[in-house]
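A short write-up of the structure that comes next.
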Amino acid sequence: MLGEVANFVAYVFAPAVLVTPLGALSIIVSSVLAHFVLKERLNKLGVLGCISCIVGSVVVVLHAPEEHMPDSVEEIWDLATQPGFLAYAGTTLLLMAIVVVFIEPRYGQKNILIYLGICSSMGSLTVVSIKAVGVAIKLTLDGMNQLAYPHTWLFILVAVICGVSQLNYLNK
């Protein structure tokens, strides 16, 4: 829980392109803890997966582009309503709906990639809303109340819906 709170706070102060790959390193920490605390054996494929996570995170962090930090929820809303992002979000939601309605009931129990795909797709939308909520909290604590904007509440709603959905499919 503490790690997820720290991850949430990181989105307020750092670009998402840096926070997200570093958050993936929690997989390695969990694997190492499971090995030592729970006495679970990490096979060669698991070690290869951990190495892949580390290499991927390092590559993304080293080659991350400069990113402008949004100064308000309104600025994030302006970015989220650009045609490119709206097309991406609409396509993602449509594909997730197709997977959840038609593919998941039939193949979900047989193939873990179905649930992983749903969680990952939701995660891409969660990052945007969490970034907006984090910025809103920071600005509100700095004296600029962001709770008066309806966009803030919409981002909170999206973050909750995406988060609960991710937990649901992650637990499956």
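Consider residue 125 carefully, then state whether it is surrounded by fewer than 16 Cβ atoms within 10 Å (Cβ to Cβ) and either touching an Asp or Glu at 6+ places or on another chain (Cβ under 7 Å) or modelled with pLDDT of 85 or more (or both).
Against the criterion (surrounded by fewer than 16 Cβ atoms within 10 Å (Cβ to Cβ) and either touching an Asp or Glu at 6+ places or on another chain (Cβ under 7 Å) or modelled with pLDDT of 85 or more (or both)), residue 125 does not qualify.
If you check 132, 34, 24 for being small (Gly, Ala, Ser) and in contact with a Gly (Cβ under 8 Å, 6 or more places away or on another chain), only one passes: 24.
Taking the numbered list (1) more than 26 Å from residue 158 (Cβ to Cβ); (2) in contact with a helix residue (DSSP H, G or I) (Cβ under 9 Å, 6 or more places away or on another chain); (3) acidic (Asp, Glu) in turn, residue 74 passes all entries but (1).
Can you tell me which residues in region 13-28 are farther than 20 Å from residue 133 by Cα and either outside any helix (DSSP H, G or I) or free of Cβ contacts under 8 Å to residues at least 12 places away in the same chain (or both)? 24, 25, listed by residue number.
Scanning region 132-153 for residues that are without any contact (Cβ under 8 Å) to a residue 24 or more places away in the chain, closer than 15 Å to residue 77 by Cβ and part of a helix (DSSP H, G or I) yields a total of 2.
Every condition in (1) closer than 23 Å to residue 15 by Cα; (2) assigned to a helix (DSSP H, G or I); (3) among the hydrophobic types (A, V, I, L, M, F, W, C); (4) in contact with a Phe, Trp or Tyr (Cβ under 9 Å, 6 or more places away or on another chain) is met by residue 162 except one, and the failing one is (4). Within region 43-64, does at least one residue satisfy the condition of being surrounded by fewer than 13 Cβ atoms within 10 Å (Cβ to Cβ), part of a loop (DSSP other than H, G, I, E, B) and of a type in the set (A, V, I, L, M)? Scanning region 43-64, I find no residue that is surrounded by fewer than 13 Cβ atoms within 10 Å (Cβ to Cβ), part of a loop (DSSP other than H, G, I, E, B) and of a type in the set (A, V, I, L, M), so the answer is no. When the residues of region 129-152 are filtered to those that are in contact with a helix residue (DSSP H, G or I) (Cβ under 6 Å, 6 or more places away or on another chain) and of a type in the set (S, T, N, Q), the one that is surrounded by the most Cβ atoms within 10 Å (Cβ to Cβ) is 152. List the residue pairs whose Cβ atoms are under 7 Å apart, where the first residue sits in region 30-47 and is under 19 Å from residue 2 (Cβ atoms), the second is among the hydrophobic types (A, V, I, L, M, F, W, C), and the two are 6 or more positions apart or on different chains. Between residues of region 30-47 that are under 19 Å from residue 2 (Cβ atoms) and residues that are among the hydrophobic types (A, V, I, L, M, F, W, C), the close pairs are 31/42; 31/50.
Among the residues of region 106-119, the ones that are open to solvent by less than 90 Å² (accessible area, probe 1.4 Å) and free of Cβ contacts under 8 Å to residues at least 60 places away in the same chain come to 6 in all.
The values are calculated or read from the model by the stated rules, or taken from the named source; none is laboratory data. As the structure is a prediction and not an experimental result, all values here were calculated from the model. Here Cβ is always computed from backbone atoms with ideal geometry, including for glycine, and neighbour counts include all displayed protein chains. Ligands, DNA and RNA are excluded from the accessible area calculation, which covers all protein heavy atoms including side chains. Shrake-Rupley method; radii C 1.70, N 1.55, O 1.52, S 1.80 Å.
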